[in-house]
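What follows is a short report on a single structure.
The values are calculated or read from the model by the stated rules, or taken from the named source; none is laboratory data. Keep in mind that this is a model prediction, so the values were computed, not measured. In this analysis, Cβ positions are derived from the backbone assuming ideal geometry, glycine residues included, and neighbour counts consider all displayed protein chains.
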Amino acid sequence: MAKLMLAIVSLALLVAVVSAADPGPINDFCVADLKSPLTFNGLSCKSPAMVMPEDFALRAFRGDADTNNPLGIGIIPGFAGVNYPALNTLGFSLAKINYAKGGLVPPHTHPRATEVITVLKGEVYCGFVDTAGKLYAATLKTGDFFVFPLGLVHFELNTGSGAAVTLSVLNAQNPGIQIIASSLFGSTPAIQTGVLSKAFGISDATTEAIKKGFMPAP
């Protein structure tokens, strides 16, 4: 009986892992029709007769994103539902990130995707924290890669002397993103102050001050 229960638990875990990934495509491709309001756990497809070679090309990464903001980063997406419809149903997405000197991608998670980044320019310190609270971090230079496992909190910081650029590949069409600080201190409606104060070991006054930093401008 013990062996049977172990087998059942193992099978359940395997199914859960397999189910976490995007479903496999059933056609050669399904270029998204961004004008269609219909969705089927993805985006509806263009008629094959309407698909052009240009649909499979992405040229947005030729430019650079604006980094003139408090975090010093700018992101150009390569998402099926935004600017790269040929990725529809293929199970991954892309992002180019530009960093000003000292630019930071703050701690965040992707609930539906593992992410691999490569440094295209500069020097980036990045890492993730596992569920036991252990940090895995490294300083990357041009040509280096790093992987962030699915769902774990991770970050990237430009530690070089100038601008930096990274390219991210995520194994989900819609990986989702949850930035830790803004999710907790800028939620709508707001989390009760006492909850955050106790969780972080800070005063109510400090919690309220942090919350104000995440309030939308009037």
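Hey, can you tell me all the residues within the stretch 63-85 that are farther than 24 Å from Gly162 by Cβ and either touching a Pro at 6+ places or on another chain (Cβ under 9 Å) or part of a loop (DSSP other than H, G, I, E, B) (or both)? Across the stretch 63-85, the qualifying residues are Phe79, Ala80, Gly81, Val82, Asn83, Tyr84.
If I ask for residues that are in contact (Cβ under 8 Å) with a residue 60 or more places away in the chain and over 24 Å from Ala172 (Cα atoms), which ones from the stretch 100-140 would you list? Correct list: Ala100, Lys101, Gly103. For the stretch 32-41, the criterion of being aromatic (Phe, Trp, Tyr) and under 30 Å from Leu157 (Cβ atoms) is met by no residue. Among residues that are assigned to a loop (DSSP other than H, G, I, E, B), closer than 23 Å to Gly176 by Cβ and modelled with pLDDT under 85, Asn27 is not included. Could you identify the single residue in Ser168, Ser203 that is in contact (Cβ under 8 Å) with a residue 12 or more places away in the chain and among the polar types (S, T, N, Q)? Sole residue among the options that is in contact (Cβ under 8 Å) with a residue 12 or more places away in the chain and among the polar types (S, T, N, Q): Ser168.
Filter the stretch 172-198 for residues that are among the polar types (S, T, N, Q) and loosely packed, with under 13 Cβ neighbours inside 10 Å; which is farthest from Asn88 (Cα to Cα)?
Gln192
Gly143 passes every criterion in (1) assigned to a strand (DSSP E or B); (2) touching a residue at least 12 places away in the same chain (Cβ under 8 Å); (3) surrounded by fewer than 18 Cβ atoms within 10 Å (Cβ to Cβ); (4) not basic (Lys, Arg) apart from (1). Yes or no: Lys96 modelled with pLDDT of 95 or more and assigned to a loop (DSSP other than H, G, I, E, B)? When the stated conditions are applied, Lys96 does not pass them.
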